[in-house]
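All remarks here apply to the structure that follows.
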Amino acid sequence: CSASTSKPVLTLFTKKPCPLCDEAKEVLEPYKRRFILQEVDITLPENSAWYDKYKYDIPVFHLNGKFLMKHRVDIQKFEDRLRKLELQSE
């Protein structure tokens, strides 16, 4: 698949239950066609490194592997970063 069609990957570090994560996903809903959402459950044994790092901070978002934001969705920051990635991939 060509670079122009590859969407940025938004990684959500989460655990169950996570009301803030649910809220964050709702806020991001209008943008979901522009990125791929990948959820990482930090309570799974294979994700223990992320658990140690983020257990007090979820939800945490990485965009294309780079830390973006935590606790709440900063829509302005998200849009800016997403737009930059989209321009780069054109």
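The values are calculated or read from the model by the stated rules, or taken from the named source; none is laboratory data. Being a predicted model, the structure only gives us computed values, none of them experimental. Here the Cβ is made from the backbone with ideal geometry for all residues, glycine too, and neighbour counts use every protein chain on show. We work out accessible area using only protein heavy atoms, side chains counted, and drop any ligands, DNA or RNA first. Shrake-Rupley method; radii C 1.70, N 1.55, O 1.52, S 1.80 Å.
Relative to the longest principal axis of the C-alpha atoms of the chain, give the angle of the C-alpha long axis of helix 75-89, reported between 0 and 90° and rounded to the nearest 10°.
It works out to around 50 degrees.
Enumerate the calculated ³J(HN,Hα) couplings along segment 43-51 in order (Karplus 6.51 cos²θ - 1.76 cosθ + 1.60, θ = phi - 60°), each rounded to whole Hz, writing x wherever the residue is Gly or Pro.
Values per residue, Gly and Pro as x: 8, 6, x, 6, 10, 4, 5, 5, 4 Hz.
Considering only DSSP beta bridges whose two residues both sit in the chain, what percent are antiparallel, to the nearest 5?
If we restrict to bridges inside the chain, about 55 percent are antiparallel.
Can you show me the helix-derived [θ] at 222 nm for the chain, built from DSSP H runs with n ≥ 4 at -39,500 (n - 2.57) apiece and divided by the number of residues, rounded to the nearest 500.
-10500 deg cm²/dmol
Got the relative contact order for the chain handy, in percent, Cα pairs under 8 Å and 6 or more residues apart?
38
Can you find, among T43, Q76, P17, the residue sitting farthest towards the positive end of the charge dipole of the chain, where Lys and Arg contribute +1 and Asp and Glu -1 at Cβ?
The one lying farthest along the dipole's positive direction is Q76.
Kindly report the accessible area of the chain per residue (heavy atoms of protein chains, probe 1.4 Å, no ligands, DNA or RNA), in Å².
Roughly 65 Å² per residue, with all protein chains present.
Past the 20 Å Cα-Cα mark, which pairs from K15/K53; K16/K70; K25/K66; K16/K77; K15/K77; K7/K53?
K16/K77; K15/K77; K7/K53
For the chain, what is the charge dipole size about the Cα centre, in debye to the nearest 20, if Lys and Arg each add +1 at the Cβ and Asp and Glu each add -1 at the Cβ?
140
What distance in nm lies between label points placed 7 Å from Cα along the C-beta direction at A49 and V27?
Calculated label separation equals 2.8 nm.
At 1.4 Å probe size, what's the solvent-accessible area of S89? Round to the nearest 10 Å².
40
Rank these residues by their accessible area, most exposed first, probe 1.4 Å: T11, T43.
Descending accessible area places them as T43, T11.
Per the 1.4 Å probe, what fraction of the accessible area of the chain, in percent, lies on carbon and sulfur atoms?
Taking all protein chains in place, the chain shows 54 percent carbon and sulfur surface.
List, in order, the whole-Hz ³J(HN,Hα) value for each residue of segment 56-69 obtained from phi through the Karplus relation with A = 6.51, B = -1.76, C = 1.60 and θ = phi - 60°; use x for Gly and Pro.
9, 10, 5, x, 10, 10, 10, 10, 6, x, 10, 4, 10, 6
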